[in-house]
Structure formats: structure tokens, C-alpha cells
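Have a look at the structure below before the remarks.
The values are calculated or read from the model by the stated rules, or taken from the named source; none is laboratory data. Because the structure is predicted, anything quoted here is derived from the model rather than measured. Here the Cβ is made from the backbone with ideal geometry for all residues, glycine too, and neighbour counts use every protein chain on show.
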Amino acid sequence: MTSLHESDPQVADILDHERSRQAYGIELIPSENYASQAVMEATGSIFTNKYSEGYPGKRYYGGQEYVDQVEQLAIDRAKKLFGVEHVNVQPYSGSPANTAVYFGLLEYGDTIMGLKLDHGGHITHGLPISFSGKSFNCVGYEVEKETGRLNMDAIRELAIKNKPKLIIAGYTAYSRTIDWKAFKEIADEVGAITMADIAHIAGLIAGGVHESPVPYFDVITTTTHKTLRGPRGAMIMCKNEFAKDIDKAVFPGLQGGPHDNTTAAKAVAFGEALKPEFKEYAAQIVKNAKKLAERLMHHGFNLVSGGTDNHLILADLTNKEIPGKIAQEALDKAGITLNKNTVPFDPRSPFDPSGIRLGTPAITTRGMKEAEMEKVADFISEALDHHTDDEHLGKIKGQVKDLCNGFPVPGIAL
Ligand SMILES: *Cc1c(COP(=O)(O)O)cnc(C)c1O
């Protein structure tokens, strides 16, 4: 980035600091990952200069011969990766993708059903203050108090009672596998459209370590930057019967010109996910999460649902008597990044909840395996045991840096 250093040393300096933060810290935020150098090169490419409202072959501007090629390539690769009938790769991010589905398939005031935010859902799945909550009649389902898991019988009862037009499955803080078939059966019973939001688990599905909703669901949205390890962005996949409505909702319904540089990077990321190595990566994410969970439980951590089947872990720190916010801040000082999170039935507020949420996509990308997961859990436990002792946290930060030195981040040359 020599030209940035010359033209804008202030921004370049901030980027340098962020680069070393990413390289020398343990990144456990389960929605984050390290995109490859190739993905970042495409993101930072000359396609940032282009406008291309419309779709390949049907644009409103000239000069589309190469944009059309790259968008079609992204679409074709996504179709191959997930085995879907139709793909729209233009949504700017996960929230606009979900909004486009509602805009395309629902009328204002329709009833939709998704998991409550404080039980692991997403703001776009019906949080009252969000666009979704203000525009639709949102019915929230919950996880079961005793098990921390979805109870499909309870969800069925709620659906029969409320007759939603759309049922959403797919979450931000749920560590167990999702029974797509059971959701589809409930939806068929009440005549609802099914939407899977696989933002978190898309990479696991592409890698074959979580069942795919594709055989069952009508519409599937996903971000491209979480386990899928691409650029920040999203896509919508659907059955052909919904294709026209979805495409019209994205453009011109909600968006103008797509971000063609991001589209190019999506094509690169899907190409990477089609390689056999990606299957190994996805499998290792889950192995690492299971090992990390096991070791945290060994240190007395109380995990919601008692463990994990996927890439993430939700820990309730009530028994440790450390609020999630204080835990997050202490771990930051130890070079470990994760987020405070509500746990189901949390008596505390979302700004200072009872839990923390952590996951393995990023540390698995840098090559860490089971042995390192034990060390990571040990660091977390030690840091929380000494959460008021800045000197001790600083000492752990040094050990974290030593561990990270052995696992260079792809795309970050230091
Ligand atoms: C991350 C996420 C989104 C939203 O993605 P943004 O790109 O942050 O808008 C939507 N749904 C789920 C389940 C997510 O985890």
C-alpha cells in the first residue's frame, strides 16, 4: 500500500495498527473471518469504478462486457456450490438481502415468524425497532429453557396459532444444527413460505458439515463474509418460481448499482469454496469448536445447550459472576476478541448481558487446530480469573502474540 502511505499517511497508519491487531490477536467473533489475499485484491480492484444497474445482459449503462462476465461467473459458481436454481449476488449485505426477500414476497402487515433476537435470532427477523418489526406482524419463537434448543413441537404450535406467511430459520447465536425438514413440514401445514438465513453457517453448508436447506426451502439468504470467507456482502438463492420477484425487489426495489468490485470478490470466494481444501476447512472449524467447548466446560464454563455442533459457542457467565461486558473488555486486554451476548431468558440487558459468544472460523483459517483450542480456552479462563488485574492480562496478551506468531494470517504480510 505504498501509494496510500504517501497520499494519506493518517488512514494508512490506522490500517497498519488494525493489521497488527488482526494478526497478533485471537479472533473469536463467530461472524468474522480472514478473507484471502485474492478476495481482497478483487475487492480493491478497478471494478469499484463501474456502474451496472440491472442484471447481466439487461443493463441500463454501457461498457458492461466485463462486469457481465464477472457477475455471471459469481452466479454460476454459487449455483454449483449450493446446488440452487436461482441466485442474485447483488445484495450489499445480509440485512438488505433479508429486506429484499420481504419486499419481494410479502405485503406490509403480513405475519412473519423468526427466532427472537435475545434467543439467537437476527435484528432483521422481526426486532420491533427494526424495519422488519415496524413493517410486519412479527411473531417470535424461542429456544427451550431447559435445553437451550429449538423445540419443533412448540414452533409448530405457534405457527398453527399465528398462520405466518413466512417462516425464517437461521440464526446468529445458535450452536446446534437446524432441522430444515421439520421447518418445511410446519410451513407446509400452515401454507407459509420458508426462508433460511444461513449467514453464519453458509461455509459449513458449502463444506458439507451442516445439512443444506436447499432441498426443502423456498428462499435462502446468506452473507458472504462469515464462514463463507468472502468479501463483505450477501446473496439470495431461491427456487425459480420466486426468481422474478426477488430480482425485482433487489433492483430496482431496494438498490441501485451493485458493487461490482464486491461481485468480483464473491466470484473469487465461491471459486475458493468449490476447492476440496474448503471441505477440510469447514470440517476443522467444527472440530475446533467442539474442542474449544469441551475445554471451556472443563474450566467450569456453562455453555448454552451444553456444547456445539457448529462453529460457535454461547457461554452463560452467571456462575462465574462476571457480566459479559466486563468479560469482553478483560479479554480485549488479553488480545482475545469476542463479543458480549445475551443468553436465552437473560435477566440482564443487551448492553450488559450475561453471556459471551465465540467461534472458530477465523482462527481455523489461520491454521489452528485442536491443540491450540486447548490453549485458547486456557487463556480465556485465566484472563477471566484475573479480569481486574491489567498486568496479568498484559502478560496473557504476550503469550497470545507468541501463539499467533506461529499461525500467519492469509492476506496479512507483516
Ligand atoms: C450477520 C447476519 C445477518 C446480517 O448481515 P449484515 O451483513 O451484518 O447486514 C443476517 N442474518 C443473520 C442470521 C446474520 O448472522
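In the stretch 14-29, of all residues being surrounded by fewer than 19 Cβ atoms within 10 Å (Cβ to Cβ) and of a type in the set (A, V, I, L, M, F, W, C), the one that is nearest to Ser175 (Cα to Cα) corresponds to Ile29.
Residues that are touching an Asp or Glu at 6+ places or on another chain (Cβ under 8 Å) and in a loop (DSSP other than H, G, I, E, B) within the stretch 34-50 comprise Tyr34, Ser36, Lys50, listed in sequence order.
If I go through the stretch 314-327 residue by residue, how many of them are of a type outside the set (A, V, I, L, M), under 23 Å from the mean Cα position of the chain (by Cα) and outside any helix (DSSP H, G or I)? Matching residues across the stretch 314-327 total 1.
Of Lys58, Lys116, Lys50, all but one fail to be more than 22 Å from Ile201 (Cβ to Cβ), buried (at least 18 other Cβ atoms within 10 Å of the Cβ) and at pLDDT 95 or above; the exception is Lys50.
Scanning the stretch 68-106 for residues that are within 16 Å of the ligand (Cβ to nearest atom), surrounded by fewer than 23 Cβ atoms within 10 Å (Cβ to Cβ) and in a loop (DSSP other than H, G, I, E, B) yields Tyr92, Ser93. Those helices (runs of 4 or more DSSP H) of the stretch 328-414 that lie entirely within it include none in which at least 1 residues are modelled with pLDDT under 95 and buried (at least 22 other Cβ atoms within 10 Å of the Cβ). Only one residue in Gly109, Gly133 is more than 20 Å from the chain's Cα centre (by Cα), away from the ligand (no atom under 13 Å from the Cβ), of a type in the set (Gly, Ala, Ser) and not in a helix (DSSP H, G or I), so which one is that? Answer to the check: Gly109. Of everything in the stretch 235-269 that is part of a loop (DSSP other than H, G, I, E, B) and either of a type in the set (Asp, Glu) or surrounded by fewer than 24 Cβ atoms within 10 Å (Cβ to Cβ) (or both), the residue that is farthest from the ligand (Cβ to nearest atom) is Lys239.
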